[in-house]
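This report refers to the structure that appears directly beneath it.
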Amino acid sequence: MRCAVIGGGAWGTALAHVLGTNGHDVTLWAREPEVVSSINGQHENAMFLAGATLSSRVTAAGDMAKALDQAGIVMYAAPSAHLRDIARRAAPYVADGAIIGVATKGIEEGTLALMTDVIESEHAGHPVVAVSGPSFAAEVVANQPTAIVAASREANAARTLQKAFSNSTFRVYTQHDVIGVELGGALKNVMAVATGIAEGVGLGFNTRAALITRGLAEMTRLGVAAGATASTFAGLAGMGDLVLTCTGSLSRNRALGEAVGRGATLAQALEGKQTVAEGVVTAKSAGQMAAKFKVEMPIVEMVNRILFEGHTARRAVAEMMTRELRPEQDA
């Protein structure tokens, strides 16, 4: 099948590589000319995924029309803050009947739209599939066994992506709970920032375990209020992605949190970074969603206060530990 991947970062590159490895012809759209020339010249994305040799079936283009020409599958992997603008630019070139996959994880600032909502509004009439789960790009291109989820309200579209991506080292499960899969992928980045902050302060494994577990409770609480199924958060797009992002050394969100925990300002922690830590933008949106649905999310609140209000990390942790006592399980 002819495929297009929109977004030349590490994750978009890894997805393009999987499709190419599976025998599909893939064009990766990237806004950076250096990425286009590196992929076409050396079969490597030297800017975002250095050292990984990509499938020979993957080519790159800086021209949207060329990248999307006759593509039956279109995968978006652009940063959440830019997804709507990029999708709007791409819309005139998307082929009739194309299935749209969304690998971007986040909640749109201002509208609080999920990423599939953004794509559906810009690509009316196309089936849309959310793709999420525990998956560091570098390990995917190194053929490390990985399992993710493809979620859609249109089962045939989810199964098409499942078949297109699945191979002996990359396994795709289907799901129908789009809201749960999307919120799991978005909110885990905020929890990873929180975990990194705690580690930067010097706290240990007990604290990490508590943050991950209570973070999952917050994610589930908001998800159910927004219409998701609670059990989704016990799966790959919930607990699986949460554990990976909160503990893995390749996690950008955890690394940013660590820098802040050690005393850096948000601006200092972001300085010089080519890659996006989605948890920063998502923290604001998650806080707004919590207010909208009247859901208590103390970890999200803590992250927002530290990142945007100058609250010290050590003081915030102490405040969380002395909150009003309550049962572990929500009534």
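Any read-out appearing in this document is the output of simple, stated calculations on the displayed coordinates, not a laboratory observation. Since this is a predicted model, take the numbers as computed values, not measurements. Neighbour counts are summed over all protein chains in view; Cβ atoms, including those assigned to glycine, are modelled from backbone coordinates with ideal geometry.
Values computed for the structure shown
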| item | result |
| --- | --- |
| Positive-end residue, the chain charge dipole about Cα centroid, Cβ charges, pick of Thr21, Met47, Gly196 | Gly196 |
| Gaussian network model of the chain, Cα within-10 Å springs - most flexible of Thr111, Thr174, Thr213 | Thr111 |
| Antiparallel bridge percentage (DSSP; both residues within the stretch 64-134; nearest 5) | 10 percent |
| More than 17 angstrom apart: percent of Cα pairs within the stretch 278-329 | 41 percent |
| In Hz, Karplus ³J(HN,Hα) per residue of the stretch 118-131 (6.51, -1.76, 1.60; θ = phi - 60°; x = Gly, Pro) | 4, 5, 4, 6, 9, 10, 4, x, 9, x, 10, 10, 8, 10 |
| Antiparallel %, DSSP beta bridges [both residues in the chain], to 5 | 15 percent |
| Amide H partners (placed H, <5 Å) of Ile6, local residues excluded | Trp29, Met75, Tyr76, Ala77 |
| Environment charge at Ile179 (Cβ cut-off 11 Å; Lys +1, Arg +1, Asp -1, Glu -1) | -2 |
| Cα pair distances exceeding 26 angstrom across the stretch 179-321, given as percent | 15 percent |
| Euclidean distance of C-alpha centroids, the stretch 239-316 and the stretch 31-87, integer Å | 28 Å |
| Student exercise, the stretch 179-321 dipole from Lys, Arg, Asp, Glu Cβ charges, in Debye to nearest 20 | 100 debye |
| Max mean-square fluctuation residue, GNM over the chain, Cα-Cα springs under 10 Å, options Gly133, Gly248, Gly238 | Gly248 |
| Helix 205-226 axis, angle to the chain major axis (alpha carbon atoms, nearest 10°) | 70 degrees |
| Computed Kirkwood radius, in angstrom, where 1/r is averaged over Cα pairs of the chain | 19.9 Å |
| Surface/4 estimate of mean projected area, convex hull on alpha-carbon atoms of the stretch 124-180, nm² | 4.1 nm² |
| 12 Å beta-carbon shell around Arg221, net charge (K/R +1, D/E -1) | -1 |
| HN-Hα J in Hz across the stretch 55-68 - Karplus 6.51, -1.76, 1.60, θ = phi - 60°, x for Gly and Pro | 4, 5, 7, 9, 10, 10, 8, x, 9, 4, 4, 5, 5, 8 |
| Cβ-based net charge around Ser56, under 15 Å, with every Lys or Arg adding one and every Asp or Glu removing one | -1 |
| Violating pairs (Cα-Cα greater than 24 angstrom) within the set Lys163/Lys188; Lys163/Lys284; Lys66/Lys284; Lys66/Lys273; Lys163/Lys273; Lys105/Lys163 | Lys163/Lys188; Lys163/Lys284; Lys66/Lys284; Lys66/Lys273; Lys163/Lys273 |
| Calculated [θ] (222 nm, deg cm²/dmol) that DSSP helices of n ≥ 4 give over the chain, each run adding -39,500 (n - 2.57) | -15000 deg cm²/dmol |
| Unit charges at the beta carbon, dipole of the chain: most positive-side option, Thr220, Ala209, Thr265 | Ala209 |
| Leading residue at positive end of dipole, the stretch 2-176 (Cβ point charges), from Gln70, Thr111, Pro33 | Gln70 |
